[in-house]
Structure formats: C-alpha cells, structure tokens
Amino acid sequence: MNYILAVILGIGSVMGSTAFAHGPTPQKAEETIIIAAPPDAVWAVLKDFAGVAGWNTALKASKGEGGNTAGATRSITLKNDGQLEEGLDEVNEAEKYVGYRLSKENVEVFPVSFYSATISVKADGDGSLVTWSGRFYRGDTSNFPPDNLNDEAALNAMTEFFKQGLAGLKAKLEAKG
Amino acid sequence: MTRVRRLIEIIGAIAAGVAGLTASMCSGLAGEVLVVSQTAAELAVLDAKTDTISYRIKLDAAPAGVAVSPSGHQAYITHPEIRQLSVVDLVSRTVIAKWPVGRQPFAVAVDGRGGVWVGDWSADVVQRINVETGSVMRSIAVGRSPSAILMGASDTHLYTVNRESDDVSIADPVSGQELRRVAVGRGPFAIAGTSDRTQLFVVNVQASTVSVVDPQTFKSVFQVKVGRMPYGVAIDERTGRVLVTNQQSGSVTVFDAKDGQVLSTVPVGQFPEGVVVAPGSGKAYVANWFSNQVSVINVADGKETGRVTCGAGPRMLAVRPDSSS
C-alpha cells in the first residue's frame, strides 16, 4: 500500500518538477561554429537575452524581463509553437559568455526535463569561434522512460537546437557583411 | 541474478579479501582518489602522490555515488538507473557483488564499522545494506530525494541532504528514526562536515549558497554565497578551508570554515561536480563532468596545479585512506 502510494507520488514528482532530475545520468551536448565577423559584433548579438529569436532560427519568438543581468527571464517559442521558460545566470562581458538554464520545462514540446547551458564567443583569426555547450536530463527521469523521452531523444533535441541556432547566428552576422 | 551466482560472488569476495590483505601489507597503500565516470561506466583510481591514474575498473551502466570501506579494501557504487549497488574489491580490482537495491539508489556512505548506507532518490529512504548478502538491514524514512549521506561523529547520528524538500534530516542510525529536520537553501545536494561534526556544510544548488549547519542546535548558523549551481563540497581540516564546486561557473570557491569568508575562486574545467580533499596531502581533487578531467588543486594557495584525464562524465569522488600513515 505504502509502496503503491510512493510510486504514485514519485510519478507526480517527475511530471511536476524540473528539479527532480538527478537520479538519472546527465547528458551533454556541445556545438561550435566559425563566423566571419569580429567577436565584438557576435557578442553584441549574443548577449541580448530576450532577443534570442532575432538570431536563433529554431525559434519563432522570444520575450523577456530583467534585461541582461542575472535573474532575468525569457520565454521562447519553438517552431512547434511550444513554449519554454529560461532564466539568465550570468552575462560575462570580460570573457564573452552567457550562462542560462531552463526554469520551466515542457517535455511535450521539447523532450528535456532540465538543462543549463553556456554560449561563448572567442576570437578565431579575423573571425569568431562560437561554442554552445549544455548539460541536461532526459524528459522522463524515471528508470523506464518511453522512447520519445529517453536520453537519446534529449540528446538529439539539444544537439539539433544548438546546430540550428548556431547556423542562424552565422547567417545573420555574415549577411551584415 | 541467481542465488548461486551471488554465492559464487561472495566466496570470490572472501578469497579476494584475504589475498588483498596480504598484498596491501606488503606494498603499503598509498592515498588514492576514486573517480566514478557515469557516462563511461568506469572507476578510475588516482594515486594522490603522483596524480596519475593507477588503474581502471569497468562498471555496470551509469554508476553515480561512491564510498570506501574504513579498511580501504572495498568501494560501494550506486547505479540509480539499473537499481544496483556494486561492491568493488580494490585489492583484486574486481567487482565482487551486484545487489539489486531500492528504486533509484544514489547516495552512499559507510559508517565506522563498515556498515553501508544507501539513499534512495525516489523512495525517500536511507537503507543499510548488508554487502555480503544484499539484504536490507535497516530503513530510515527521510526527506524527499536524499542526495547525500554523512555519518555523525562515532556514528551517533546520520545526516541526509534532501534535494527536493530543501532540508537536512538528522536520524538515529540505531533506532532507525528520523529525529529532526533542519531547513537549508533551495535544492541542497552535497554535504561535508568537520570530523567532530560541530559544523556541517550543505551546498544549495538552486540558491548558489552553502548553509553552515550546527547539528547540536538544529540551526543553519550562516550562509555563504558561492558561484552558480554548487554541486560538491569538501573540507580540508588542516587549513580550515571549505571547497565548493560551482557547476555552472566552472570554478571552485574556497572559504574559511570559521566565518565563511571567501578566500579565492579557482577556475577549473567545465561543469565541476564532486570534490574531495586527500587528507594530509594539501590537495583537493575536482571532477570536471563536461571536460572528462579531474582538476588537482593546491588548497593552501588556491591554485589549480594540474588536470588528469579520466573516463567520460566523472561526477562523484571518494578518498581511499592511506593505511600506512
């Protein structure tokens, strides 16, 4: 009886909380791209936390509150019309990186229950090297996730999101000439 | 696993233990750091004198927590995803038993008499497991998702960090009763304590703070602001310094245990998690989860002195004591 109750509570926790994620194995993704534009130009675009849909072509829209300081929030709308809420942890002007995390998951539109990520830009010859890395947990953090919410699904979703985003960033900056 | 196979493993364990005792008496154990790589599913044993990996042991899928027996002969490793506790003989360098445990066994600690305690992430209990039979000897209900366990001085108490209820449980390991809860910050994950257990240090992942708890008064005495998403904590008692890994900042915060004054912030690899101090060495070791490396830090001057490459996804570390000291 107690066991059954505990199982039910356990499932409830998985559905209701982004923080319930640490029993299973975290996953990682990292993508990079070279952009023919100076780091300062790339950085000016990247650090605009709320304006991410202006360069990330995996998104339809974005809006936010709190500017570019830690604690700011943004809501992003994916191509499938699903929405995710993200929180800004750090904008580091000196080292040119932005750290942020998922604050409200929606595994039906994006099969990841929690992520934290960093996007950075460094000089690379006359251009820039942009690196986007993330740490995340699958959509269903129980021990028996369905195929659409398992580690592979999460890894594919994050990797594809980073790739599309970086391609969009490159297109925007190189078009400016 | 069949009972027969278990029996064979137990017999093997006893044989290996006897052989190991002889070997260790001859060679003298060096202080070692055990590195568990979750993605690679391996245990790497790092020599704390030379800061090189001495040997590796292949493990079953997705190992997470690790603790070492008081003798240094065995390591206990949790596998939350396959509901397993692995018993590793560090002398024969083999996995000698695999016990099914609970629903998501995650945290693990060993008491002074060698009793092994496992925290179950989704069942909200801590259980003492007989590592020779796999049976549950005691079960203590604690807060939600116990992510770390610390034994009290002389094992009079057992402390658990409860990730999802934002508190620390203080339990009596003999009666199996939870005695008190102490509220800490949001998303507590790891714990360290002075050896007399008058101070406990609990990292709060979501709050980016460390709560310093006095277990005698059941109070959080003060908080220390650290970097983003702190995941690991260790104390170096020789210098009175506490080291905290900041997972999202890629750094380690070093502060004074007495007053919480931050002394330095040490850049390390990407997404650092577990941290341990090898007692008497003056060195701390940090698992850089994303970089697949272990950072070596000189505690006294707060400098990273080297990095050792290990298997993919290192998270948790444990110290194997130097029996010759």
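Being farther than 21 Å from A:LEU169 by Cβ, within 14 Å of chain B (Cβ to nearest Cβ) and touching a Ser or Thr at 6+ places or on another chain (Cβ under 7 Å): is that true of A:THR69 here? When the stated conditions are applied, A:THR69 does not pass them.
Which residues, counting only those in segment A:60-85, are touching a Phe, Trp or Tyr at 6+ places or on another chain (Cβ under 8 Å) and exposed (fewer than 14 other Cβ atoms within 10 Å of the Cβ)? Hit for segment A:60-85 is A:GLY67, nothing else.
Across segment A:117-135, which residue is farthest from A:ALA29 (Cα to Cα) among those that are among the hydroxyl-bearing types (Ser, Thr, Tyr) and surrounded by 22 or more Cβ atoms within 10 Å (Cβ to Cβ)?
Keep residues of segment A:117-135 that are among the hydroxyl-bearing types (Ser, Thr, Tyr), which gives A:118, A:120, A:128, A:131, A:133.
Still in the running and surrounded by 22 or more Cβ atoms within 10 Å (Cβ to Cβ): A:118, A:128.
On the way: A:THR118: 11, A:SER128: 20 Å.
Filtering segment A:117-135 for residues that are among the hydroxyl-bearing types (Ser, Thr, Tyr) and surrounded by 22 or more Cβ atoms within 10 Å (Cβ to Cβ), the one farthest from A:ALA29 (Cα to Cα) comes out as A:SER128.
Taking segment B:300-318 as the range and being surrounded by 20 or more Cβ atoms within 10 Å (Cβ to Cβ) and either under 16 Å from B:GLN247 (Cβ atoms) or at pLDDT below 95 (or both) as the test, the residues that pass are B:GLY313, B:PRO314, B:ARG315, B:MET316, B:LEU317.
The condition (being within 14 Å of another protein chain (Cβ to nearest Cβ) and part of a strand (DSSP E or B)) is satisfied by just one residue among B:PHE222, B:PHE201, B:PHE189: B:PHE189. Output the residues belonging to segment B:132-169 that are open to solvent by 30 Å² or more (accessible area, probe 1.4 Å) and away from chain A (no Cβ under 14 Å). Of everything in segment B:132-169, those that are open to solvent by 30 Å² or more (accessible area, probe 1.4 Å) and away from chain A (no Cβ under 14 Å) turn out to be B:GLU132, B:THR133, B:SER135, B:MET137, B:ARG138, B:ALA153, B:SER154, B:ASP155, B:THR156, B:HIS157. Filtering segment B:249-299 to residues that are in a strand (DSSP E or B), touching a residue at least 60 places away in the same chain (Cβ under 8 Å) and open to solvent by 30 Å² or more (accessible area, probe 1.4 Å) leaves only B:LYS283. Of all the listed residues (B:SER92, B:SER122), the sole one being in a loop (DSSP other than H, G, I, E, B), among the polar types (S, T, N, Q) and open to solvent by less than 40 Å² (accessible area, probe 1.4 Å) is B:SER122. Counting only residues that are on the phi < 0 side of the Ramachandran plot and either within 14 Å of chain A (Cβ to nearest Cβ) or not in a strand (DSSP E or B) (or both), segment B:38-81 holds 22 of them.
No other residue among A:LYS104, A:LYS122 is touching a strand residue (DSSP E or B) at 6+ places or on another chain (Cβ under 8 Å), modelled with pLDDT of 95 or more and among the charged types (D, E, K, R) apart from A:LYS122.
Close contacts from segment A:25-44, counting a first residue that is away from chain B (no Cβ under 13 Å) and closer than 15 Å to B:GLN270 by Cα and a second that is in a strand (DSSP E or B) and of a type in the set (A, V, I, L, M, F, W, C), with Cβ to Cβ under 7 Å and a gap of 6+ residues or different chains, come to A:GLU31/A:TRP132.
Of the set (1) within 21 Å of B:PRO314 (Cβ to Cβ); (2) within 14 Å of chain A (Cβ to nearest Cβ); (3) assigned to a strand (DSSP E or B), all apply to B:GLN127 but (1).
Can you tell me which residue is modelled with the highest pLDDT among those in segment A:125-160 that are within 12 Å of another protein chain (Cβ to nearest Cβ) and part of a helix (DSSP H, G or I)? Among those that are within 12 Å of another protein chain (Cβ to nearest Cβ) and part of a helix (DSSP H, G or I), it is A:LEU155.
The values are calculated or read from the model by the stated rules, or taken from the named source; none is laboratory data. The structure presented is a predicted model; accordingly, all values stated were derived computationally and were not measured. Positions of Cβ are generated from backbone atoms using ideal geometry, with glycine treated the same way; all protein chains shown enter the neighbour counts. What goes into the accessible areas is simple: the full protein's heavy atoms, side chains included, and nothing from ligands, DNA or RNA. Shrake-Rupley method; radii C 1.70, N 1.55, O 1.52, S 1.80 Å.
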